[in-house]
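The values are calculated or read from the model by the stated rules, or taken from the named source; none is laboratory data. As the structure is a prediction and not an experimental result, all values here were calculated from the model. In this analysis, Cβ positions are derived from the backbone assuming ideal geometry, glycine residues included, and neighbour counts consider all displayed protein chains.
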């Protein structure tokens with residue numbers, strides 16, 4: 001059967017999340033650049049890069065980019081958008097990166113591309129890999145959902161039609177995870193076979209992240225509630241928890 005993330009990031013993912021556009025990525029990248037304070041030409045790793053929206057925007061801003069993802073489908077789309085081969089694209093598991101120690105000035109992990117696994121030790125391994133591939137003092141951005149806001153504002157069910165497909169999403173909290181079931185069927189005409197997917201994210205608080213960062217040799221410097229400096233992080237009201245920090249010098 002395999003893990004949920006081995007099945008969910010395929011062709012249907014491109015349909016379900018097609019609203020994530022390049023314009024939004026460029027706006028987010030402009031803010032990330034201010035937070036990261038990197039020199040032009042710095043080397044950045046986009047961990048779980050998906051279709052490469054942020055990698056492309058960062059490359060266009062003057063940085064040397066490497067994008068890593070586990071999905072063949074999403075990497076195919078990323079490569080298609082990079083016809084000149086300006087970015088290095090790699091297929092890899094975020095817990096074991098085929099990359100040299102101390103290679104990057106920054107690592108970005110965006111839109112809740114974290115918390116996929118069952119055990120805390122696996123998530124700690126991801127953070128240790130981020131620390132390993134960063135130069136001492138290298139910077140990171142981890143954009144995660146705000147667990148408190150998510151639990152209190154969870155929409156149990158939603159439904160929409162896109163490209164002739166009916167997309168039904170069911171969400172619930174279970175044993176410290178936020179879970180989502182996605183069912184896709186034809187919107188009209190003869191009923192076709194439905195496709196079903198599940199997503200599962202471990203809910204971590206800011207304090208839990210701080211503890212894991214310390215264990216992994218990372219230091220948290222600032223937290224934002226969105227990609228705007230006018231929106232400081234609020235535990236109860238911020239939708240996002242965007243954490244900016246660095247690899248400790250002695251780690």
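Brief remarks on what is shown
- Checked against (1) modelled with pLDDT under 95; (2) more than 25 Å from residue 226 (Cα to Cα); (3) exposed (fewer than 14 other Cβ atoms within 10 Å of the Cβ), residue 12 passes all but condition (3).
- So residue 141, is it at negative phi, outside the structural domain of residue 108 (by TED's automatic domain parsing), touching a helix residue (DSSP H, G or I) at 6+ places or on another chain (Cβ under 8 Å) and surrounded by 19 or more Cβ atoms within 10 Å (Cβ to Cβ): no
Here's the yes/no breakdown for (1) surrounded by 13 or more Cβ atoms within 10 Å (Cβ to Cβ); (2) within 17 Å of the chain's Cα centre (by Cα); (3) modelled with pLDDT under 95; (4) over 28 Å from residue 129 (Cβ atoms):
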| site | (1), (2), (3), (4) |
| --- | --- |
| 176 | no, no, no, no |
| 179 | yes, yes, no, no |
| 186 | yes, no, yes, yes |
| 191 | no, no, yes, yes |
| 198 | yes, yes, yes, no |
| 203 | yes, yes, no, no |
| 210 | yes, no, no, no |
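- When 165, 157, 219 are checked against the criterion of being within 30 Å of residue 26 (Cβ to Cβ) and more than 22 Å from the chain's Cα centre (by Cα), a single residue qualifies: 165.
- Per-region count, segment 37-49, residues surrounded by fewer than 24 Cβ atoms within 10 Å (Cβ to Cβ) and closer than 17 Å to residue 27 by Cβ: 0
- Only one entry of 227, 204 meets the criterion of being assigned to a loop (DSSP other than H, G, I, E, B) and within 28 Å of residue 2 (Cβ to Cβ), and that entry is 204.
- For residue 41, the conditions (1) touching a helix residue (DSSP H, G or I) at 6+ places or on another chain (Cβ under 7 Å); (2) in a loop (DSSP other than H, G, I, E, B) are fulfilled apart from (1).
- Filter pass, residue 84 being modelled with pLDDT of 95 or more and within 18 Å of residue 18 (Cβ to Cβ): no
- The listed residues are 83, 98, 156, and the only one of them that is more than 25 Å from residue 225 (Cα to Cα) and in contact with a strand residue (DSSP E or B) (Cβ under 7 Å, 6 or more places away or on another chain) turns out to be 98.
- When restricted to residues that are part of a loop (DSSP other than H, G, I, E, B) and either touching a residue at least 12 places away in the same chain (Cβ under 8 Å) or in contact with a helix residue (DSSP H, G or I) (Cβ under 7 Å, 6 or more places away or on another chain) (or both), segment 176-201 contains 3.
- Count of residues meeting criterion [part of a strand (DSSP E or B) and touching a residue at least 60 places away in the same chain (Cβ under 8 Å)] in segment 122-168: 15
- Single residue of 68, 73, 29 found to be crowded, with 20+ Cβ neighbours inside 10 Å, in contact with a helix residue (DSSP H, G or I) (Cβ under 7 Å, 6 or more places away or on another chain) and either at positive phi or not assigned by TED's automatic domain parsing to the domain that holds residue 165 (or both): 29
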